[in-house]
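This report concerns only the one structure given below.
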Number of protein chains: 2
Amino acid sequence: MAQIDRSLIAALPSFVGMGPEALDDVLAQARPLRAPKGSAVFNQGQNAEEFFLLLHGRLRVTRITPQGEQVVVRFVGPGDMFGVAMAIKSEIYPGTATAVVDSLALVWPNSAWTGLISRHPALALNTMGTLGARLQDSQTRILEMSTQQAEKRVAHAVLRLVNQAGRKTDEGILIDFPISRQDIAEMTGTTLHTVSRIFSAWEEKGLVKGGRRRILVCDPHGLFMLTEKAD
Amino acid sequence: MAQIDRSLIAALPSFVGMGPEALDDVLAQARPLRAPKGSAVFNQGQNAEEFFLLLHGRLRVTRITPQGEQVVVRFVGPGDMFGVAMAIKSEIYPGTATAVVDSLALVWPNSAWTGLISRHPALALNTMGTLGARLQDSQTRILEMSTQQAEKRVAHAVLRLVNQAGRKTDEGILIDFPISRQDIAEMTGTTLHTVSRIFSAWEEKGLVKGGRRRILVCDPHGLFMLTEKAD
DNA sequence: CGGTCGATTTGCGCCATAACAAAAAATCTC
DNA sequence: GAGATTTTTTGTTATGGCGCAAATCGACCG
């Protein structure tokens, strides 16, 4: 198999503090994987045999309850590791990862995990940092869902998306991957209908401009006010 | 300082797979800390300079929003690590840990963290597992808060407490540390009043017996049914 | 360009649950 | 054990946002 160039990953948060030979050791066991838009990289409940790093594109990670309700756990962006079931001592993938745009990832067999962690303490520390960041994020969401009502939760979710994937344009900040009202609803624990109403209200106030599966934030500062003091 | 006996920690999940000299290395930098009931081990926002392992007792970890609303993040039991801000690359403690009964912990200076992780890959893997378990737990709570209504969320919370800290008695399963309706409310994102009503209804059905700051689960199976099928 | 299908918007009625308000009960203190 | 304090229970009222349903809009396709 052709060796992947280490410059592809050297700058990523997961690999900071690692030398060239360490990076080569990491890459030696990886293979690339193309994920066309709409395809699933892995499915909830599947036996977890590999872990991943996203190089390019965007994935949506979802979880489904036994009763069939779905929630969006997070969006994966370039440089993020995902499907690290090994790290969390799980035999199966706890969620489903779907490409929302054409994407490209690196894949390692789970068998490589323990060795890599043991040989590269920096990788261990970085991975913990990533898990910790996700934990913080989850707990923040719990905090919001416990104490705030729908409009604020939606505002926070949009602001988080802006930070993760916002692209400045001359009209405002564009979230540059397809995301539906349904997605926002599943991120905030509300319904499609409520999100739609909230967005309509925001459009009237000039805070956002909605397109189909697109969000254009005209006034992020206004959203901040919405999340701080209440209307 | 007197060396702590390694048998105290050898069997704990955080230290499985570590040999005697590794355990001694870990313990060499630790000191014991008593936390009387009601005292805070650390406070939200404080500079994080140490990390901890609970040997005996029970702590409640809470987080407060800028607006002053509080939520209960989790309960820490014997054998659990807590306050591992280092692991998650945080400078400060993101929450407050309060002893709900007289407790005893081990304390390490943060400066010991990187070295310990680097020297003991097993500790790294175990810690990741712990973080992963908490992440799973958080995401499960998000799932529940998104899709289920108050009664089910409370039922789940009680069942989780039963698993963590339930003690069998001849009348049922007793959660053997002080926990108020307010606590349950803060764990489930509802109000004191709603929790009280729910508990009253359960008492009428014979599912639980409530005492002040105590919960006695008479029929866990009944609660399971409550969380599965509705009604 | 017309047809089809998915996404979004909007109206309406209803219900779970929050908010407010007190009383009652349990526990602690001296 | 009397009083004070905290916790819990319970009643009443108000409302956010969910469920249902139907209309509209926009995009993609042949």
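Read-outs: derived from the displayed coordinates by stated rules, not from any lab. Treat the numbers as computed from the prediction; the structure is a model and nothing was measured. With ideal geometry, Cβ positions are generated from the backbone for all residues, glycine too; neighbour counts draw on all protein chains shown.
Let me have the relative contact order for region B:148-228, percent, based on Cα pairs under 8 Å that are six or more residues apart.
Normalised by residue count, the contact order of region B:148-228 is 33 percent.
Report, as a whole number in µm² per second, the diffusion coefficient that Stokes-Einstein gives for chain B at 4 °C and 1.567 mPa s using the Kirkwood radius over alpha carbon pairs.
68
Whose amide H sits under 5 Å from the amide H of residue A:102, counting only residues 5 or more places off or on another chain, with H placed in the peptide plane?
Counting only residues 5 or more places away or on other chains, the set is A:37.
What's the magnitude of the charge dipole for the protein assembly as shown around its Cα centre, counting Lys and Arg as +1 and Asp and Glu as -1 at the beta-carbon? Answer in Debye, nearest 20.
It comes to approximately 660 debye.
Please state, to two decimals, what the Cα-based radius of gyration of region A:145-228 comes to when divided by 2.2 N^0.38 Å (N = residues).
0.97
Which entries in A:168/A:209; A:37/B:89; A:152/B:89; A:89/B:37 show an alpha-carbon gap greater than 22 Å?
Table pairs above 22 Å Cα-Cα are A:37/B:89; A:152/B:89; A:89/B:37.
How much mean residue ellipticity at 222 nm does chain A get from its helices, if each DSSP H run of length 4 or more adds -39500 (n - 2.57) and you divide by all residues, to the nearest 500 deg cm²/dmol? Walk me through the numbers on the way to the answer.
On the way: 7 runs with 90 residues, N = 231.
Here the helix-only value at 222 nm equals -12500 deg cm²/dmol.
Which listed residue (B:210, B:155, B:179) has the Cα farthest towards the positive end of the charge dipole for region B:148-228, taking +1 on Lys and Arg C-beta and -1 on Asp and Glu C-beta about the Cα centre?
Checking the options against the dipole of region B:148-228, the answer is B:179.
Treating the beta-carbon of each Lys and Arg as +1 and of each Asp and Glu as -1, no other charges, what is the dipole magnitude of region B:148-228 about its Cα centre, to the nearest 20 debye?
Here the size comes out at about 180 debye.
Once region B:41-87 is represented by equal point scatterers at the alpha-carbon sites, with solvent omitted, what log10 I(q)/I(0) does the Debye formula produce at q = 0.14, 0.16, 0.33 Å⁻¹?
-0.37, -0.48, -1.27
Once amide H atoms are placed 1.01 Å from N in the peptide plane, what residues at a sequence separation of 5 or more from residue A:42, or on another chain, have their amide H within under 5 Å of its amide H?
Here the answer is A:97, since their amide H atoms fall under 5 Å of that of residue A:42.
Calculate log10 I(q)/I(0) of region A:6-133 for q = 0.09, 0.14, 0.18 Å⁻¹, where I(q) comes from the Debye formula with a single equal point scatterer on each Cα and nothing for solvent.
The computed values of log10 I(q)/I(0) come out as -0.24, -0.59, -0.98.
Between residue A:43 and residue B:110, with labels modelled 7 Å along Cα→Cβ, what's the label distance in nm to one decimal, could you check?
It works out to 4.5 nm between the two label points.
Can you compute the equivalent ellipsoid semi-axes for region B:138-188, i.e. the square root of 5 times each eigenvalue of the Cα gyration tensor, sorted largest first and rounded to whole Å?
They are 22, 11, 9 Å, listed from largest to smallest.
Rank A:17, A:32, A:97 by how far each Cα sits towards the positive end of the charge dipole of region A:6-133 (+1 on Lys, Arg Cβ; -1 on Asp, Glu Cβ) and give me just the farthest.
Value computed over the given set: A:97.
Which whole-number percentage describes the relative contact order of chain B, with Cα contacts under 8 Å and a sequence gap of 6 or more?
Once divided by the residue count of chain B, the mean separation gives 19 percent.
Hey, if you drop one equal point scatterer on each alpha-carbon of the protein assembly as shown and run the Debye formula without solvent, what base-10 log of I(q)/I(0) do you get at q = 0.07, 0.08, 0.09, 0.10 Å⁻¹?
Here the Debye-derived log intensity ratios amount to -0.39, -0.52, -0.66, -0.82.
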